[in-house]
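Read the structure below first, then the notes.
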Amino acid sequence: MTVAKRIIPCLDVDKGRVVKGVNFVNIKDAGDPVEIAKRYDDQGADELTMLDITASSETRDTTYKTVESIAGQVFIPLTVGGGVRATKDIKRLLRSGADKVSINTAAVNNPDFIKEAADKFGSQCIVVAVDAKATDDTFSSWEVVTYGGRERTGIDVVEWVNTVKEHGAGEILLTSMDRDGTKEGFDNKLTKAVSSSVSIPVIASGGAGTLQHLVDGIKEGGAEAVLAASIFHFSEFTVQEAKQAMLGSGLEVRN
Amino acid sequence: MTKIAVIDYGMGNLHSVSKALEEVSTTEEIMVTSDPETIKRADKIVLPGVGAIKDCLEAFSDDLRSVTLELIRNKPTLAICVGMQMLLESSEENGGVKCLNVLDGRIVKIPASKDIKIPHMGWNKINFLSDHFLWSNIPDNSFFYFVHSYCCLSSTDAISKTTHGENLISALGKDNIFAVQFHPEKSQNLGLQLYKNFLDWSI
């Protein structure tokens with residue numbers, strides 16, 4: 001027995017509302033973040049992730065308020081990401097009640113930012129979000145993409161996650177931009193390539209459409225945790241049902 | 001009115017600790033404070049801890065440290081994560097540091113093995129090694145939330161253990177002190193129950 005595999009519902013938040021789109025387009029309103037966070041907590045979610053998808057300076061104060069309201073009512077770990085560019089952003093989010101902060105583009109632009117953040121706040125609260133896209137249709141190598149997948153960087157994903165780990169990240173949130181929003185399942189080859197090459201926990205994200213997909217992300221991808229948004233938002237499945245499916249396939253979960 | 005001081009030495013997220021205490025408090029006053037005079041008047045103390053242990057120890061000014069230690073010797077004390085680690089003899093973290101030496105045991109890096117991830121991050125079971133008032137209404141083998149890379153592997157004050165590769169000490173207790181490696185403020189209902197037990201605890 002060791003640590004349980006985690007289910008992490010993700011709230012994509014835009015101007016104080018939860019939204020969900022396919023590949024970050026066709027965005028649909030899914031409700032109030034605090035209400036949704038409480039619902040997932042009641043259902044037995046192991047953690048919550050909130051991504052501020054606009055992350056513009058005008059809406060930033062709304063984000064801090066949302067984080068504060070969620071953290072005041074939900075007693076499970078909360079990771080917040082989107083637009084984190086400097087240590088002052090991290091400090092403000094942690095002070096608002098976030099337990100972990102996820103860094104994406106700013107880490108790619110300046111890997112030393114990961115080290116600076118980990119030294120200052122501890123590796124345990126620094127998650128690096130890695131958005132990956134296959135380099136060709138064999139789906140056997142992947143490159144890091146930024147700005148929601150619009151920009152290719154040419155950086156190899158497996159090399160990058162090792163750099164990220166060396167710089168002090170405590171966890172990797174790995175999203176397949178090929179699968180995100182498609183409901184075809186996680187890119188398990190990608191997850192496996194990453195989880196087998198680093199010793200820090202990897203969260204699989206992008207593409208979950210069924211409960212079996214969540215199981216596969218752990219069994220085939222070797223992820224420590226699975227993140228999903230739309231399958232929970234529109235009540236297709238509850239977190240409880242997801243846990244039952246995981247238990248049923250022999251995985252250790254918190255029940 | 002019972003006064004609970006949550007020691008604020010400038011590190012990390014104290015918001016969730018104070019929110020959890022407020023959630024379960026009835027008449028108690030919850031004070032998040034670094035003021036030695038305020039701490040002196042407290043009836044119970046909570047010592048959180050997030051981040052690197054050296055920074056946490058250094059953040060204790062001389063005044064804050066002597067007042068806090070005085071209370072730790074006499075009043076009901078709940079220490080969490082790095083707060084727990086600071087109460088032991090020493091830690092390997094940051095090249096080796098001396099700790100406050102209130103509880104038995106040393107902090108070492110979690111022994112690496114092929115099957116485990118470090119940090120130890122997520123929900124894991126605690127197995128009771130002895131009874132304690134703070135375990136009231138918490139079943140043995142319950143899940144609590146952990147996040148740490150350093151741990152205590154043996155202590156004469158151990159009261160629960162948790163398996164992550166090896167057996168780690170997940171809680172220690174001695175007289176008026178209860179110290180946990182996990183985060184009750186992040187462990188949903190059972191974590192809140194533990195805070196409630198702490199508020200109800202009299203010694």
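The values are calculated or read from the model by the stated rules, or taken from the named source; none is laboratory data. Here the structure is a predicted model, which is why all the values come from computation and not from measurement. We place every Cβ from the backbone using ideal geometry, glycine too, and count neighbours over all the protein chains shown. For the accessible areas, the whole protein counts, side chains as well, though only heavy atoms, and no ligand, DNA or RNA atoms are used. Shrake-Rupley method; radii C 1.70, N 1.55, O 1.52, S 1.80 Å.
Based on DSSP, what percent of beta bridges with both residues in chain A are antiparallel, to the nearest 5?
Numbers: 14 of 44 bridges.
Here the share of antiparallel DSSP bridges comes out near 30 percent.
Using a cutoff of 8 angstrom between alpha carbon atoms and counting only pairs six or more residues apart, the relative contact order for the range A:70-150 works out to 23 percent. Annotation: per residue accessible area for the protein assembly as shown equals 38 Å², rounded to a whole number [probe 1.4 Å, protein chains only]. For residue A:152 and residue B:26, the FRET efficiency from 1/(1 + (r/R0)^6), where r spans their Cβ atoms and R0 equals 56 Å, is about 0.45. Each label was represented as a point 7 Å from its Cα along the Cα-to-Cβ direction; for residue B:114 and residue A:91 these points are 4.5 nm apart. Placing dummy labels 7 Å off each Cα toward the beta-carbon, the span from residue A:138 to residue B:104 is 6.0 nm.
Net length available on complete extension from residue B:133 to residue B:153 is 4.9 nm, with 0.36 nm assigned per residue and the Cα-Cα distance removed.
Looking at the calculated P(r) for the protein assembly as shown, what percent of the C-alpha pair distances fall above 30 Å? In whole percent, the share of Cα-Cα pairs in the protein assembly as shown beyond 30 Å is 41.
Could you compute how fast chain A diffuses translationally, taking Rh as the Kirkwood radius over C-alpha pairs and applying Stokes-Einstein at 20 °C with viscosity 1.002 mPa s? Give it in µm² per second.
Values: Rh = 17.9 Å.
It comes out at roughly 120 µm²/s.
When Rg is the radius of gyration of the Cα atoms in the range B:1-106 and Rh is its Kirkwood radius, what does Rg/Rh come to? Computed over Cα atoms, the ratio is 0.96.
Based on DSSP, what percent of beta bridges with both residues in the protein assembly as shown are antiparallel, to the nearest 5? All intermediate terms of the calculation are to be shown ahead of the outcome.
Working: 37 of 84 bridges.
Beta bridges within the protein assembly as shown, antiparallel portion: roughly 45 percent.
Am I reading the B/A interface right? What is its buried accessible area, both sides, 1.4 Å probe, to the nearest 100 Å²?
On the way: alone 9160 and 10990 Å², together 17340 Å².
Using a 1.4 Å probe on protein heavy atoms, the buried area is about 2800 Å².
Percent antiparallel among DSSP beta bridges with both residues in the range A:107-255, to the nearest 5? Don't skip to the answer; put the middle values down first.
Details: 7 of 19 bridges.
Expressed as a percentage, antiparallel bridges in the range A:107-255 total about 35.
On the range A:33-114, 44 percent of the accessible area sits on carbon and sulfur atoms, based on a 1.4 Å probe.
Beyond 23 Å, how much of the Cα-Cα pair distribution for the range B:45-203 remains, as a whole percent? Tail fraction, whole percent: 32. Kirkwood's formula applied to the C-alpha pairs of the range A:94-204 gives a hydrodynamic radius of 14.1 angstrom. Relative to its residue count, the range B:74-122 spans a Cα convex hull of 95 Å³ per residue.
Between A:217, A:206, A:31, the GNM of chain A built on Cα springs shorter than 10 angstrom shows A:31 fluctuating the most.
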